[in-house]
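Written below as structure tokens is the structure these notes are about.
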Amino acid sequence: MADRQFAISGKWALAADRLQWMVQRQYLHRGEIKWQSVSFVSSTKDVLARCLREKGCPPEDAERLLAGLPDTFAKWAKTRSAAFTQTVAAAE
């Protein structure tokens with residue numbers, strides 16, 4: 001599965017693949033907006049919050065990005081997988 005952004009606030013975003021959450025920072029390259037992954041977290045929401053702080057994400061952006069996330073990546077991945085399975089089943 002490719003990296004997928006699921007939350008954006010200001011110049012910061014959260015993305016995920018099947019293994020981890022990723023903190024992404026926006027930058028301009030030749031006038032085009034790009035996103036660079038700057039931290040990778042497969043454990044807890046608390047560690048993700050610490051990474052956001054350490055990378056310089058403003059507190060208000062971090063609060064918006066973290067809102068509604070479960071305590072662990074494993075819980076988040078399980079709910080995303082279930083939602084994907086339901087969507088596919090509904091489309092068939």
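Please treat every number below as a calculation from the coordinates, not as lab data. These numbers come from a predicted model, not from an experiment. Note that we place each Cβ from the backbone using ideal geometry, even for glycine, and neighbour counts take in every protein chain shown.
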Report summary line: With Rg from the Cα atoms and Rh as the Kirkwood inverse mean 1/r over Cα pairs, segment 4-91 has an Rg/Rh of 1.01
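Among 12-21, 30-39, 52-61, what's the highest-first ranking by average C-beta atoms within 10 angstrom per residue?
Working: 12-21: 18.4, 30-39: 11.5, 52-61: 14.5.
The densest-packed peptide leads the list: 12-21, 52-61, 30-39.
Find how much the distance from residue 18 to residue 42 grows on full extension, using 0.36 nm per residue of separation minus their present alpha carbon separation; answer in nm with one decimal.
Working: separation 24, 0.36 × 24 = 8.64 nm, distance 0.96 nm.
Extra length available between residue 18 and residue 42 comes to 7.7 nm.
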Report summary line: Here FRET efficiency (C-beta to C-beta, residue 78 to residue 50, R₀ 35 Å, nearest 0.05) is 0.95
